Each structure stands twice: as C-alpha cells, then as structure tokens.
Amino acid sequence: MWWGGAIEAPDPSALARFYSDLLGWPVGHEEPGTAILAVPGGGTYLVFQQATDYRRPVWPPADGQQRPMMHLDFQVGDLASAVEDAISLGATLAAEQPQDNVRVLLDPAGHPFCLCVEQD
C-alpha cells in the first residue's frame, strides 16, 4: 500500500500550510521538523520534512544547479483562476511554460508544481 510522498523544505510547517490552503486539504499532524498533509478520504499523505541544508531547485533544470527531483501535478477546472489563486497564496509563475494546458509554478520553497486542465 502506498502511504504518500515526502518533500524536503526549509520550513515544513509553512510549506504544508501553503499546500493546505491551495488544495483545501487539512494539516493532519505537525511536530518540530515535520508536517503532514492529509488527503481527503484518508489513506494518502504528503509529508513535509525539515532540510537544514536545503537548496532551491532550478526550473527549468540547468547544468550544475539543483535539479527538481520530482514535482506534483494537480488537475483544475479553470487554469487562469487556479494560477491566480496559487499566486495569491505565495506561488510564483515559472518563466518557462512548456504547454498551453499546463502552468508550471514554484511553491514558496521553490519546488515546481503543475496546474493542468484537460484539453478539449
């Protein structure tokens, strides 16, 4: 059974709150150095863990720089509105956008994530 993924961050509680606000998922547990986001319906979690030597990833990947090791994708109904909401919560729009139906954003710790809308 898959439990969830872990994401390193310089401030795990703050990053968990960002994703909680973005997705409407509750922070299910918090302790020094760790915060856990509970996906509604149970059974899957996102863990945010303290990384004291954290280096922000670079998007798009660049030789010699910290590469994104993974990213999260979220399907949305209205791409423009979802991007606006994410930015209002502290995300930034990445300079490079590889697809018309996807927007790459950077969370407050610099991790890229994608907001995707189905193409007609």
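Laboratory data are not the source of any read-out in this text; all were calculated from the coordinates shown. Here the structure is a predicted model, which is why all the values come from computation and not from measurement. Note that we place each Cβ from the backbone using ideal geometry, even for glycine, and neighbour counts take in every protein chain shown.
Please label the shape of segment 55-120 as rounded, prolate or oblate, based on the square roots a ≥ b ≥ c of the eigenvalues of the alpha-carbon gyration tensor (a/c under 1.5 means rounded; beyond that, a/b larger than b/c means prolate, else oblate). Walk me through the numbers on the way to the answer.
Numbers: a/c = 2.37, a/b = 1.59, b/c = 1.49.
Judged from the Cα gyration tensor, segment 55-120 comes out prolate (a/c at least 1.5, a/b above b/c).
Stretched out fully, how many nm does the piece from D53 to D11 gain, at 0.36 nm a residue minus the Cα gap?
14.0 nm
Which loop-located chymotrypsin sites (Phe, Trp or Tyr not before Pro) does segment 25-120 contain, where loop means any DSSP state but H, G, I, E or B and the Cβ has at most 11 other Cβ atoms within 10 Å? Don't skip to the end; give the middle numbers.
On the way: sites: Y45, F48, Y54, F74, F113; in loops: Y54.
Of the chymotrypsin sites (Phe, Trp or Tyr not before Pro), not one in the loops of segment 25-120 has a Cβ with at most 11 other Cβ atoms within 10 Å.
Note down the net charge around V58, summing +1 for each Lys or Arg and -1 for each Asp or Glu among other residues with Cβ under 13 Å from its Cβ.
Neighbourhood net charge equals +1.
Assigning unit charges at the beta carbon (Lys, Arg +1; Asp, Glu -1) and nothing else, what dipole magnitude in debye, to the nearest 20, does the chain show about its Cα centre?
Numbers: 5 positive and 16 negative charges, 63 e Å.
It works out to roughly 300 debye.
With a cap of 12 neighbouring Cβ atoms within 10 Å, and only residues DSSP puts in a loop, list the GluC sites (Glu not before Pro) found in segment 26-120. List each step's numbers first, then the result.
Values: sites: E30, E84, E96, E118; in loops: E96, E118.
Of the GluC sites (Glu not before Pro), the ones in loops of segment 26-120 whose Cβ has at most 12 other Cβ atoms within 10 Å are E96, E118.
Return the sequence-ordered ³J(HN,Hα) values of segment 19-30 in whole Hz as given by the Karplus equation 6.51 cos²θ - 1.76 cosθ + 1.60 applied to θ = phi - 60°, using x for Gly and Pro.
Each residue's phi maps through the Karplus curve to give 5, 4, 5, 5, 9, x, 9, x, 6, x, 7, 8 Hz.
With Cβ to Cβ distances under 13 Å as the rule, what net charge do the other residues near I87 carry (K, R +1; D, E -1)?
Overall, the nearby charge balance is -3.
At 222 nm, what value in deg cm²/dmol follows for the chain if DSSP H runs of at least 4 each add -39500 (n - 2.57) and the sum is divided by all its residues, to the nearest 500? Display every interim value, and only then the final one.
Working: 2 runs with 22 residues, N = 120.
Rounded to the nearest 500, the figure is -5500 deg cm²/dmol.
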